[in-house]
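Reviewing the structure listed below.
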Amino acid sequence: MAPPPIDISKVTGNAPDKVKNVLSDLRFFGYDLDDNGHHKRFGNNVFAGMWLAEVSSTTSDEEPSKNEVKAAFGVVVDESMLNGLTTLHGGCSAFMIDL
């Protein structure tokens, strides 16, 4: 089962729609649910609260023949992502950065 599709018209940035479509489909990063809607993989509860917010592409200053792409995701932090101090758990932060 795939996450619900998002409206890429809400994704800002100058990247082509094709790139926004690929990055907004969180299955690209490993998000997946079984047929009963249960999380199949580590981190799916994190994926469930994420959305693509912006994708931009610019020419590299260091290597003008290459482009640099930056993507920004939003996330809803829920209780399962918190540590004992009720702040975002470092492991959760590392997981999101690892994407």
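So for segment 83-91 (the condition being more than 23 Å from Asp25 (Cβ to Cβ), aliphatic (A, V, I, L, M) and not in a helix (DSSP H, G or I)), does at least one residue qualify? Before the answer, list the steps.
First pass over segment 83-91, keeping only residues more than 23 Å from Asp25 (Cβ to Cβ): 83-91.
Applying the additional criterion that residues be aliphatic (A, V, I, L, M) yields 85, 88.
Add one more test, that the residue is not in a helix (DSSP H, G or I), and what stays is 85, 88.
Yes, segment 83-91 contains at least one residue that is more than 23 Å from Asp25 (Cβ to Cβ), aliphatic (A, V, I, L, M) and not in a helix (DSSP H, G or I).
Determine the pairs where a residue that is in contact (Cβ under 8 Å) with a residue 40 or more places away in the chain, located within segment 9-27, has a partner that is of a type in the set (Lys, Arg) and open to solvent by less than 50 Å² (accessible area, probe 1.4 Å) with Cβ atoms under 7 Å apart, the partner being 6 or more residues away or on another chain.
Once the first residue is in contact (Cβ under 8 Å) with a residue 40 or more places away in the chain and sits in segment 9-27, its partners that are of a type in the set (Lys, Arg) and open to solvent by less than 50 Å² (accessible area, probe 1.4 Å) give Val11/Lys20.
Could you say which residue among Val55, Val77, Val46, Val69 is part of a loop (DSSP other than H, G, I, E, B), in contact (Cβ under 8 Å) with a residue 12 or more places away in the chain and either of a type in the set (A, V, I, L, M) or open to solvent by less than 40 Å² (accessible area, probe 1.4 Å) (or both)?
The conditions single out Val77.
Looking at (1) at pLDDT 90 or above; (2) open to solvent by less than 50 Å² (accessible area, probe 1.4 Å); (3) in a loop (DSSP other than H, G, I, E, B), can you tell me which one Gly37 breaks?
With (1) at pLDDT 90 or above; (2) open to solvent by less than 50 Å² (accessible area, probe 1.4 Å); (3) in a loop (DSSP other than H, G, I, E, B) applied to Gly37, the lone miss is (1).
Residue under question is Leu99, and the condition is that it be surrounded by 11 or more Cβ atoms within 10 Å (Cβ to Cβ), touching a helix residue (DSSP H, G or I) at 6+ places or on another chain (Cβ under 6 Å) and either at pLDDT below 90 or of a type in the set (Asp, Glu) (or both); does it hold? Steps first, please.
Details: surrounded by 11 or more Cβ atoms within 10 Å (Cβ to Cβ): yes; touching a helix residue (DSSP H, G or I) at 6+ places or on another chain (Cβ under 6 Å): yes; either at pLDDT below 90 or of a type in the set (Asp, Glu) (or both): yes.
The answer is yes for Leu99.
The values are calculated or read from the model by the stated rules, or taken from the named source; none is laboratory data. Note that this is a predicted model, so its numbers are computed, not measured. For neighbour counting, all protein chains shown are included, and Cβ atoms are generated from backbone atoms with ideal geometry for every residue, glycine included. Note: areas computed on protein heavy atoms with side chains; ligands, DNA, RNA excluded. Shrake-Rupley method; radii C 1.70, N 1.55, O 1.52, S 1.80 Å.
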